[in-house]
1. Give the residues of segment B:34-63 that are open to solvent by 30 Å² or more (accessible area, probe 1.4 Å), farther than 18 Å from residue B:302 by Cβ, touching a residue at least 60 places away in the same chain (Cβ under 8 Å) and not in a loop (DSSP other than H, G, I, E, B), sorted by residue number.
2. One residue is enough: does segment A:29-38 have a residue meeting the conditions assigned by TED's automatic domain parsing to the domain that holds residue A:272 and either open to solvent by 60 Å² or more (accessible area, probe 1.4 Å) or free of Cβ contacts under 8 Å to residues at least 40 places away in the same chain (or both)?
3. Residue by residue through segment A:50-95, note down the ones that are on the phi > 0 side of the Ramachandran plot and either outside any loop (DSSP other than H, G, I, E, B) or of a type in the set (A, V, I, L, M, F, W, C) (or both).
4. Filter segment B:267-300 down to residues that are of a type in the set (Lys, Arg) and closer than 24 Å to residue B:227 by Cβ and give me whichever is least open to solvent (accessible area, probe 1.4 Å).
5. For segment A:242-257, check the following and say yes or no: at least one residue is over 30 Å from residue A:117 (Cα atoms), touching a residue at least 12 places away in the same chain (Cβ under 8 Å) and surrounded by fewer than 20 Cβ atoms within 10 Å (Cβ to Cβ).
6. Just the residues that are assigned to a helix (DSSP H, G or I) and without any contact (Cβ under 8 Å) to a residue 60 or more places away in the chain, please, taken from segment A:189-237.
7. Residue under question is residue A:214, and the condition is that it be within 13 Å of chain B (Cβ to nearest Cβ) and either at pLDDT 95 or above or open to solvent by 20 Å² or more (accessible area, probe 1.4 Å) (or both); does it hold?
Amino acid sequence: MSLSFKESRRRTASAFMYALCAASTLAIVTVLLMVAGYLAWIGASSLSWNLLTTVPTGDVANPGGMRHAIDGTIVLVLLAAMLGVPLGVLAGIYLSEYPEEARLTGPLRFIADVLTGVPSIVVGILGYELLVVPVSRLTENSISFSGFAGAGALAFIMIPIVARTTEEMLRLVPRSYREGSLALGATRSQTIFRVVLPGAFGGITTGIVLAMGRIAGETAPLLFTALGSRLLTHDPRQPFPSLTLQIYTYATGPYPEQRRLAWAGMLVLLALLFVLNLAVRIVAARQARGRLH
Amino acid sequence: MPGSVSMTKTPARIETHSRPSTPVVRPIPQADSGQYPLIDAIKRGETPEPMRHESVQSVGQILDIRNFELWYGATKALHGITMPIAAGKVTALIGPSGCGKSTLLRSVNRLNDLIDGVRTSGTIALDGKDVYARNVDVITLRKRLGMVFQKPNPFPMSIFENVVYALRIAGERRKSLLQEACEKALRQAALWDEVKDRLKASAMGLSGGQQQRLCIARAIVSEPQVLLLDEPCSALDPIATLRIEELIIEIGRRYTVLIVTHNMQQAARVSDFTAFMYLGRLVEYGRTADIFQLPRLRETEDYVTGRFG
């Protein structure tokens, strides 16, 4: 009697927990779909070929497209990656591969974790003070907002993320690779660059692409550094446009046509991030298949 | 342990090896019963003089281990090991888990240097020069020694690049030379016929036994003076194990091999000399035939027949 009672109580509890978990997941997915759906609903009506190919006209009733901002975001992210990827990966190697310097790497790891959580507006102000003001003084220019400053601020966000993912991925590489290489008379750097790093290639690439996705969606770090621009420019010494900045400007403005454009811009940004994430999945799947072999 | 299959003790084989007419009738002796004076002394923490057969002294030596001791932090793992290793022969290290055989093997190419808190005393001389001497360059030393590990550890690159790795890191770029060396090493490792058509394929796609033979090819490509094998079959199935054993016998004709094994039949099959270790000490060391058929210590006799250890 009591046994079957316990049994049925256990089943009820189990079913309850299952329902709770399923409901939570459903709630999250629903909200996500609502956001995406609403965005698509409103944004799609303004989506046009012109949006992707033309630049702002200056006419508030017929504001033109966002080609400049799309290009701007891509250039900013690539510039930031050029700085952030090598620095981040090298820092990750240092954290993972030089355990005898634990007295230094311990605090560094902590700092990297704190930096990952720094509010992006703080990074924006920091970028302004370090990358805009000094350049203004140097060039005796009243405004030195630039694509370089924006990319620098984005790289600042990217570096700790890339460093920590690189470290984690390197740690997953079996110790036997390192020992095998060292036993053959390889130096430590030969071991790292020829065996360990290739062994973690997929994971590190995934981390880098995710970090690029993260910075592509940042607005605050660019507010005081790249500033934004209505011109199609590929010269990072100039104030530089980005999708997020353009969306911010249009969405907070009073003109309905520009607001409609902001919605469409958001849709484009989401599409860019989606493509980026899809690329990650493909890389990760390839990596997984490689492991199976 | 995933590799336990190959380590399963098969008494039948042992009996054909040593004395078929002697069934196990003696009761298993208890610790401190006085039957194992050497083991009892070791258990008390002493380092008694091991039974070293004269036969091990009479051959040309390539490695000479003298009074070698090793500590992991405060724990002493090797106690006064003194043993010469014969040049051009296969020497097996046997003993129960934790007896220090792998530690001793990894001391020869100083792989233990990578572990925090390892200290050593005594000497291991390779060709008459102590590998622990101050002026020894560890990288150069390791280039003279090949090593194969318990678990096959091919690198995440092509079969070809795996084999020629040692040459690549030495700066060799000549394609024809690399190809020649690759083929030679793969032939010696009895793998050439199976992989010659897919040298550019990832080494990860090979079976476990093939991977281990690849690792052997990788270890011998630069013609090392001594080949160190750390339980090379413990992660392999019986058939792959057999192939590796045949290979070790073959390679033993060309190279000096020092092999750690859990599997006593394996030691009996592949080696010329066998050293029995216990709790970080050498117990008995002699020709493999003698150790398995005419051991001088009851400890050794009972260990190799599976009655103790």
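1. Scanning segment B:34-63 gives a single hit, B:52.
2. No; the residues of segment A:29-38 include none that is assigned by TED's automatic domain parsing to the domain that holds residue A:272 and either open to solvent by 60 Å² or more (accessible area, probe 1.4 Å) or free of Cβ contacts under 8 Å to residues at least 40 places away in the same chain (or both).
3. A:64
4. B:269
5. Among the residues of segment A:242-257, at least one is over 30 Å from residue A:117 (Cα atoms), touching a residue at least 12 places away in the same chain (Cβ under 8 Å) and surrounded by fewer than 20 Cβ atoms within 10 Å (Cβ to Cβ), which makes the answer yes.
6. Selection gives A:189, A:190, A:191, A:193, A:194, A:195, A:198, A:199, A:207, A:214.
7. No; evaluated as a whole, the condition is false for this residue.
Conditions tested, residue by residue: (1) over 18 Å from the mean Cα position of the chain (by Cα); (2) part of a loop (DSSP other than H, G, I, E, B); (3) surrounded by 15 or more Cβ atoms within 10 Å (Cβ to Cβ); (4) more than 9 Å from every other protein chain (Cβ to nearest Cβ).
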residue: B:116; (1), (2), (3), (4): yes, yes, no, no
residue: B:121; (1), (2), (3), (4): yes, no, no, yes
residue: B:124; (1), (2), (3), (4): no, no, yes, yes
residue: B:136; (1), (2), (3), (4): yes, yes, no, yes
residue: B:142; (1), (2), (3), (4): no, no, yes, no
residue: B:146; (1), (2), (3), (4): no, no, yes, no
residue: B:150; (1), (2), (3), (4): no, yes, yes, no
residue: B:156; (1), (2), (3), (4): yes, yes, yes, no
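The values are calculated or read from the model by the stated rules, or taken from the named source; none is laboratory data. Bear in mind that the values here come from a model prediction, so they are computed numbers and not experimental data. Note that we place each Cβ from the backbone using ideal geometry, even for glycine, and neighbour counts take in every protein chain shown. Areas reflect the complete protein model, heavy atoms only, side chains present, ligands, DNA and RNA absent. Shrake-Rupley method; radii C 1.70, N 1.55, O 1.52, S 1.80 Å.
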